[in-house]
Amino acid sequence: MQRVLIIGATSAIAEAAARRFAARGAAIHLLGRQHARLQAIADDLGTRGARVSIGILDVNDVDEHGQALDAAWTELGGVDVALIAHGTLPDQDACDASVDLALREFETNGTATIALCAALAQRLRAGSTLTAISSVAGDRGRASNYLYGSAKAAVSAYLSGLGQRLRPSGINVLTVKPGFVDTPMTASFQKGPLWATPDRVGRGIVRAIDRRKAVVYLPAFWWAIMYVIRAIPEPIFRRIRL
Ligand SMILES: NC(=O)c1ccc[n+]([C@@H]2O[C@H](COP(=O)([O-])OP(=O)(O)OC[C@H]3O[C@@H](n4cnc5c(N)ncnc54)[C@H](OP(=O)(O)O)[C@@H]3O)[C@@H](O)[C@H]2O)c1
């Protein structure tokens, strides 16, 4: 039975991935900060075939990470897949106006994720997978969301190095880079042809875990889009509004 730990488990993308694991009869431990919402997701996953437990964790309480992970290990008897999915989409203008807010948002989207990866890397064993949801936004800083993008860039770079370090131990590190996904995080955005459903992205995450990939763009066409965006010389990129 696959043992799956999901952090930020109330995320719509995480829930979609969890449903795929549940259909396989996995044991799943959900960590998040809202008990009622976690319980509702756990009940649903239970009806889909999973054995589910929950724990409370606000990822910004870094001092609590160790205890929450230890409880997850006890509950599952070890972890085969760890998926970090929490995140916020900060208002860039508000972050420009408040250094405190900018640093808090960086902490949630960057520092907390890196702290969790470091703690998970100490616990995971050969054959397991450590996955975190970064973003295409981390591939290049854009005027509209560079605080979020810089936190995701830090996560992507950290995972790249961690993946190199852990490869000889048989632990795979997977960086997930979604494009636009229709979730509560993006509820106020106008949707268009580039948008994907959480289910499509959740399916892609589980497939990439199964295939022990290092990086996955979801949907896959974002790889081509970001290839072009990364190739634009900085002096030209600076004149574009994205
Ligand atoms: N949606 C997109 O277009 C998109 C694109 C690229 C990458 N991503 C990334 O995908 C991941 C999942 O996001 P989503 O799209 O599924 O959005 P979502 O449904 O809004 O999920 C985000 C989740 O993060 C949780 N969270 C935020 N701060 C937290 C904290 N301090 N402690 C614990 N949990 C916290 C939220 O929990 P609460 O329920 O308690 O608020 C929420 O469940 C994020 O890392 C996001 O950056 C999303």
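No value in this document is a laboratory result; all are computed from the given coordinates. Not measured: the values here are computed from a predicted model. As a convention, Cβ positions derive from the backbone with ideal geometry for all residues, glycine included, and neighbour counts pool all protein chains shown.
Values for this structure:
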quantity: Dipole in debye (nearest 20) - region 199-242, about Cα centre, beta carbon charges: Lys, Arg +1; Asp, Glu -1; calculated: 0 debye
quantity: Cα centroid of region 97-146 to Cα centroid of region 21-60, whole Å; calculated: 22 Å
quantity: Net length gained if the chain between Phe221 and Ala157 were fully extended (0.36 nm per residue, minus Cα distance); calculated: 20.9 nm
quantity: Value of relative contact order over region 3-237, rounded to a whole percent, pairs C-alpha under 8 Å and six or more apart; calculated: 19 percent
quantity: Estimated inter-spin distance, Tyr146 and Arg212, nm [label 7 Å along Cα→Cβ]; calculated: 4.0 nm
quantity: Length-normalised contact order for region 1-137 - Cα pairs under 8 Å, 6+ apart - percent; calculated: 26 percent
quantity: Residue-count net charge about Gly32 - beta-carbon cut-off 13 Å; Lys, Arg +1, Asp, Glu -1; calculated: -2
quantity: Local electrostatic count, Gly149, Cβ distance below 12 Å [Lys/Arg +1, Asp/Glu -1]; calculated: +2
quantity: Gain upon complete extension [Leu242, Arg230; 0.36 nm per residue less C-alpha separation]; calculated: 3.0 nm
quantity: Rounded to the nearest 20 debye, dipole of the chain from Cβ charges on Lys, Arg, Asp, Glu; calculated: 1200 debye
quantity: Helix-derived mean residue ellipticity, 222 nm - over the chain, DSSP H n ≥ 4, -39500 (n - 2.57), to 500; calculated: -14000 deg cm²/dmol
quantity: Assigned charges on the beta-carbon of Lys, Arg, Asp, Glu; region 80-163 dipole about Cα centre (debye); calculated: 380 debye
quantity: Positive-pole candidate from Ile225, Ala208, Pro198, dipole of region 3-237, charges at beta carbon; calculated: Ala208
quantity: With 10 Å bins from 0: P(r) over the chain, alpha-carbon pairs, percent; calculated: 8, 33, 38, 17, 4, 0
quantity: Around Ala137: net Lys/Arg minus Asp/Glu count, Cβ-Cβ under 12 Å; calculated: +3
